[in-house]
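The values are calculated or read from the model by the stated rules, or taken from the named source; none is laboratory data. This structure is a prediction, so every number in the text was calculated from the model and none was measured. Glycine also receives a Cβ, built like all others from the backbone with ideal geometry; neighbour counts cover every protein chain displayed. With ligands, DNA and RNA removed, areas are computed over all heavy atoms of the protein, side chains included. Shrake-Rupley method; radii C 1.70, N 1.55, O 1.52, S 1.80 Å.
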Amino acid sequence: QVQLVESGGGLVQAGGSLRLSCTASGRTSSCRAMGWFRQAPGKEREFVAGISWSGDSTDYADSVKGRFIISRDNAKNTVYLQMNSLKPEDTAVYYCAADRAYYSGKYYQNYDYWGQGTQVTVSS
């Protein structure tokens, strides 16, 4: 079994920054590809960013390119999402996801494991 625990969410003003963390425990060998998704009220879950096992491949949603950075520390079994220049439309529950593949891209169906989510609220 794999457990993913997100942290770092909160309330921030527009233009501010937050850093989300997601730490894996349990069968961490299954947590090779990692990703961040988000879901706003009344909307479908959407891809935010993804990273490969070694960190050499990353991908971002167009809406966050140039503002968000995904990174990982495999020694700590942790993936991060640095969010800068936050906008009210970034408000959502952010979910960490993991998969045993080397890189799983932007489709949520590719990911086997999910965290419980952390709320990010950006005020205008």
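What percent does the relative contact order of the chain come to when contacts are Cα pairs within less than 8 Å and at least six residues apart? Numbers along the way, then the final one.
Details: 327 pairs, mean separation 45.3, N = 124.
RCO, the chain: 37 percent.
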Point to revise | Listed residue (GLY42, SER17, ALA75) projecting farthest to the positive dipole end of the chain, Cβ model | key: ALA75
**Study point:** Selection of GluC sites (Glu not before Pro), the stretch 1-103, meeting DSSP coil and at most 15 other Cβ within 10 Å
**Key:** GLU44
Review point. With charges set only on the Cβ (+1 for Lys and Arg, -1 for Asp and Glu), what does the dipole of the chain come to about its Cα centre, in debye to the nearest 20?
Key: 140 debye
Review point. Using a 1.4 Å probe, what is the accessible area per residue for the stretch 4-61, in Å²?
Key: 48 Å²
